[in-house]
Amino acid sequence: MTGSGSLSSPLCTWIVAACMSVTCANESKHALSPPSSTTGNRSRRRKAAAALKCNSNNKYNNYGSGMGGGGPSLQGLVSSCLAFEPCSHYYASNGLLRSNRKLRRLHPPALSGQAMAVAVQPTKEVETKKKPHTKQKRVVVTGLGVVSPLGHEPDVFYNNLLEGVSGVSQIEAFDCAQFSTRIAGEIKSISTDGWVSPKLAKRMDKFMLYMLIAGKKALADGGITEDVMDELNKAKCGVLIGSAMGGMKVFNDAIEALRISYKKMNPFCVPFATTNMGSAMLAMDLGWMGPNYSISTACATGNFCILNAANHIIRGEADVMLCGGSDSAIIPIGLGGFMACRALSQRNDDPTKASRPWDMNRDGFVMGEGAGVLLLEELEHAKKRGANIYAEFLGGSFTCDAYHMTEPRPDGAGVILCVEKALAQSGVAKEDVNYINAHATSTPAGDLKEYNALMHCFGRNSGLRVNSTKSMIGHLLGASGAVEAIAAVQAIRTGWVHPNINLENPDQGMDTSVLVGPKKERLDIKAALSNSFGFGGHNSSIIFAPFK
């Protein structure tokens, strides 16, 4: 808005009247009664004079002239009065606003002097200095921690993937004879020795237990010893590990106890059920005072946490971040809930063959449990302490399908947009992506929609290889993105990509040449894309590459 024409608009007159309302609010007790004709004439003359003075200025930043002999400047009045609605006198006398009755109905006048938000401010007050251009910080992966159905060490976990071992088996944690699904990627045992105190391990939900163990293992894997820990700036060390389901077992047990009496409830049932408390407790244990929270976006949780953690480092808010996801929902209410959604495989007699992404005979996904945590670090910080750099995190993106609670968009538009935004944000050409760890859960609709979206984006890429970690460990829900990100980093480190097991009869129309076969394959990875999608239409794509 420039030029005198714009300054003679009704908006300018309204601003002047808004300033005058403060005076109206402080008048005598008769201020709210109908004004006499003399008072009304004087009011109209004052407003007309003020409007003329407003017209005489060409720019908003020329408001310095006085308003009446020796009175305060208009700029000062605007600064002090903009948060108020014009008083009742103004509405009674001003023809411009009286003619716009629809506007008054939509935005009725507040009582005189009542505060309200106004989106107009003097130019001088909103001017901000441009930030000096600085080179963007680079983010690298320096540690990995995993708790999974195929092992609790990154190398053990990945070697089992490379060998095509399945971690899916009959559920042993509870009697599930009444359920039509009785298989899962269940963790049969795990030692907490040296990671979590026995007292705490007995009280907390498994999703927190797995998170703490994986987080501390990522630190150990990254060479963060006690001596290194003492040298870290704790204010710039953060934890961002999420969960899709939270402490379902703790909460379910509390409900059962409540049937007897609230006095029987676990006093920790509320904090141990919330998704944020795992991150919080890990930070308390480490004394890390930087960014600390969790994100819950269903099965896209892990990716969301990784990307947001990296952004904290890029913005200079953190030097080191532990990030990822954790879930443990293999309990009656969790199993029953997903069965009610008709989402689970019922191949109970052959568990290791149940999870079969892209295969024509797939009948649903297999639940899994576990945690994945990555240690992300600012490059120069990692170099300074002599860290072993596994890969570089280049960037990623999020989108929403905005379509259905559980079904993906038929046209794949949300996934395509997410992938394209991830490429743009990370500065990676689509031709350079030659490995994709797909979300591919073994559901009839989801697998094919993702495949079509990937072919739309990368179908012409030479040497492209696509696999699904879920074929061997099932779907780890909120932990899946983080555990699969670890698989992608391990593929970069080792130069081997793991097979797709159970892919015996691919869907019709699929180009099986891009899918990894039943055996591991050697691959010199240029850039690796990892996808995760969640109920609610949450899409996420993140990109890693060899560090150079």
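Structure summary
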read-out	value
Sites residue 260 and residue 192 - FRET efficiency at Förster radius 22 Å, r taken between beta-carbons, to 0.05	0.15
230, 319, 349, 363, reordered so the largest accessible area comes first (probe 1.4 Å)	349, 230, 363, 319
Difference of contour (0.36 nm per residue) and Cα-Cα distance, residue 339 to residue 235	33.0 nm
Entries of 188/264; 216/249; 236/383; 216/526 with Cα pairs more than 19 Å apart	188/264; 216/249; 216/526
Estimated FRET transfer efficiency (residue 504, residue 548; beta-carbon r; R0 30 Å; 0.05)	0.20
For residue 521, residues with placed amide H under 5 Å, excluding near neighbours	497
Label-point gap, in nm, between residue 462 and residue 429 - each point 7 angstrom along Cα→Cβ	1.2 nm
Under 19 Å from residue 199, Cα to Cα: aspartates and glutamates that are on another chain or at least 8 residues apart	253, 285
Residue-by-residue Karplus 3J(HN,Hα) for the stretch 164-177, coefficients 6.51, -1.76, 1.60, Hz, glycine and proline x	x, 7, 9, x, 8, 7, 5, 6, 10, 5, 7, 6, 10, 4
Loop chymotrypsin sites (Phe, Trp or Tyr not before Pro), the stretch 487-548, which have at most 12 other Cβ atoms in a 10 Å radius of their Cβ (DSSP)	none
Cβ-Cβ FRET estimate between residue 346 and residue 407, R0 fixed at 25 Å, reported to 0.05	0.80
Positive-end extreme of charge dipole, the stretch 370-491 - chosen from 415, 479, 372 (charges on Cβ)	372
Residue-by-residue Karplus 3J(HN,Hα) for the stretch 341-351, coefficients 6.51, -1.76, 1.60, Hz, glycine and proline x	6, 6, 9, 9, 5, 10, 7, 6, 7, 9, x
Interchain or long-range residues, amide H under 5 Å from residue 465's placed H	435, 436
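The values are calculated or read from the model by the stated rules, or taken from the named source; none is laboratory data. Here the structure is a predicted model, which means the values were calculated and not measured. Heads up, the Cβs are rebuilt from the backbone with ideal geometry, glycines too, and the neighbour counts pull from every protein chain shown. Quick note on the areas: whole protein, heavy atoms, side chains included, nothing else; ligands and nucleic acids left out. Shrake-Rupley method; radii C 1.70, N 1.55, O 1.52, S 1.80 Å.
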